[in-house]
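As structure tokens, the structure follows; a few thoughts come after it.
The values are calculated or read from the model by the stated rules, or taken from the named source; none is laboratory data. It should be emphasised that the depicted structure is a prediction, and the values quoted were computed from it without experimental measurement. Don't worry about glycine lacking a Cβ; one is built from the backbone with ideal geometry, like all the others, and counts go over all protein chains shown.
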């Protein structure tokens, strides 16, 4: 039987099983997938995330693709808590009880949940913005809590200088974020420090869930000239309602993830989500091959991509300077 036909059959069966799982329980189902070489001991990797969005999908797929390239014989157990904290804790405990070989976590909440569990199973995280502040390690150079991975520092100053180039004259920024997410709080603190130094005003709103985002965005837009959205999984999940409110108010949205302009934000400066997933996979390979976590330093993956939504720019009458190197979406 041809490989592509087998793949279709397996995919169809997985979709049917997943649908049946949703029909039979309120918690999202786990997914298991095997890949890599057929030779050697199978290494089981639990991939855990609190919520899903376009950026996290790219990170996860970048991680898996690089693991496939490594030649290791691996099995993935993918767990998405779909925003529910109790489910996230349950998934972490499941991975620990099953005795997986490694836990890969996407973003800060999932990583904190694994570190808090105190397991001896190694953890490799993908895209934690401030690992030290999040207390998942004490030192980037010498991880000490059986957890290491990639950091995605947000280039706050570059985002605001890009905003000034695209939409000059902004007097007040609005910041929308989830107060319970340390990465979002840390980024907004950096943003406030920069704006204070530049003499630019700001207002802010916090939310506790995606259900609060639309009203908070509308309220915030009545008090500011532009929105700044940090690396916040809850807000990112609700970006369509944010950009809808901003479009109605004819005000730009600046983001910190490459997928935000794809949802309609005017611009962002961000990392390649696929590449940061791959970088974490390289670290996972070292650990699975026997290197202690403490000897695999955490890595900062710098943001290099300026993305602009062409349709949003046109609707706002924004002209991108000829000397600004950008990648366009929404054309």
Which one of these does residue 258 not meet: (1) buried (at least 23 other Cβ atoms within 10 Å of the Cβ); (2) modelled with pLDDT of 95 or more?
(2)
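Conditions tested, residue by residue: (1) over 21 Å from residue 211 (Cβ atoms); (2) modelled with pLDDT of 95 or more; (3) assigned by TED's automatic domain parsing to the domain that holds residue 283.
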| site | (1), (2), (3) |
| --- | --- |
| 34 | yes, no, yes |
| 38 | yes, no, yes |
| 49 | no, yes, yes |
| 53 | no, no, yes |
| 61 | yes, yes, yes |
| 65 | yes, yes, yes |
| 74 | yes, yes, yes |
| 84 | no, no, yes |
Single condition residue 239 does not satisfy, out of (1) assigned by TED's automatic domain parsing to the domain that holds residue 195; (2) modelled with pLDDT of 95 or more; (3) within 19 Å of residue 50 (Cα to Cα)
(2)
Would you pick out the residues in the stretch 264-278 that are farther than 26 Å from residue 103 by Cβ and either surrounded by 24 or more Cβ atoms within 10 Å (Cβ to Cβ) or outside the structural domain of residue 173 (by TED's automatic domain parsing) (or both)?
265, 266, 267, 268, 269
Of the residues that sit in the stretch 125-150 and are within 16 Å of the chain's Cα centre (by Cα) and farther than 24 Å from residue 96 by Cα, which one is modelled with the lowest pLDDT?
129
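Can residue 158 be described as in contact (Cβ under 8 Å) with a residue 60 or more places away in the chain and either assigned to a helix (DSSP H, G or I) or surrounded by 15 or more Cβ atoms within 10 Å (Cβ to Cβ) (or both)? Walk me through it before giving the result.
Details: in contact (Cβ under 8 Å) with a residue 60 or more places away in the chain: yes; either assigned to a helix (DSSP H, G or I) or surrounded by 15 or more Cβ atoms within 10 Å (Cβ to Cβ) (or both): yes.
It is true that residue 158 is in contact (Cβ under 8 Å) with a residue 60 or more places away in the chain and either assigned to a helix (DSSP H, G or I) or surrounded by 15 or more Cβ atoms within 10 Å (Cβ to Cβ) (or both).
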Look through 264, 290 and report the one residue that is on the phi > 0 side of the Ramachandran plot, assigned to a loop (DSSP other than H, G, I, E, B) and touching a helix residue (DSSP H, G or I) at 6+ places or on another chain (Cβ under 6 Å).
264
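Can you name the residue in the stretch 207-226 that is within 19 Å of the chain's Cα centre (by Cα) and surrounded by 18 or more Cβ atoms within 10 Å (Cβ to Cβ) and, of all such residues, is farthest from residue 54 (Cα to Cα)? Steps first, please.
Of the residues in the stretch 207-226, the ones within 19 Å of the chain's Cα centre (by Cα) are 207-210, 213.
After this cut, where a residue has to be surrounded by 18 or more Cβ atoms within 10 Å (Cβ to Cβ) as well, the list is 207, 210, 213.
Numbers: 207: 21, 210: 16, 213: 18 Å.
Among those that are within 19 Å of the chain's Cα centre (by Cα) and surrounded by 18 or more Cβ atoms within 10 Å (Cβ to Cβ), it is 207.
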Qualifying positions in the stretch 119-136 - more than 22 Å from residue 289 (Cα to Cα) and either surrounded by fewer than 22 Cβ atoms within 10 Å (Cβ to Cβ) or touching a residue at least 40 places away in the same chain (Cβ under 8 Å) (or both):
127, 128, 129, 130, 131, 132, 133, 134, 135
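For the stretch 102-111, what are the residues that are touching a helix residue (DSSP H, G or I) at 6+ places or on another chain (Cβ under 8 Å), buried (at least 24 other Cβ atoms within 10 Å of the Cβ) and either assigned to a helix (DSSP H, G or I) or modelled with pLDDT of 95 or more (or both)? Lay out the reasoning, then the answer.
Restricting attention to the stretch 102-111, the residues satisfying the condition of being touching a helix residue (DSSP H, G or I) at 6+ places or on another chain (Cβ under 8 Å) are 102-110.
Okay, now just the ones that are also buried (at least 24 other Cβ atoms within 10 Å of the Cβ), so 103-110.
If the condition is that a residue be touching a helix residue (DSSP H, G or I) at 6+ places or on another chain (Cβ under 8 Å), buried (at least 24 other Cβ atoms within 10 Å of the Cβ) and either assigned to a helix (DSSP H, G or I) or modelled with pLDDT of 95 or more (or both), then 103, 104, 105, 106, 108, 109, 110 are the ones that fit.
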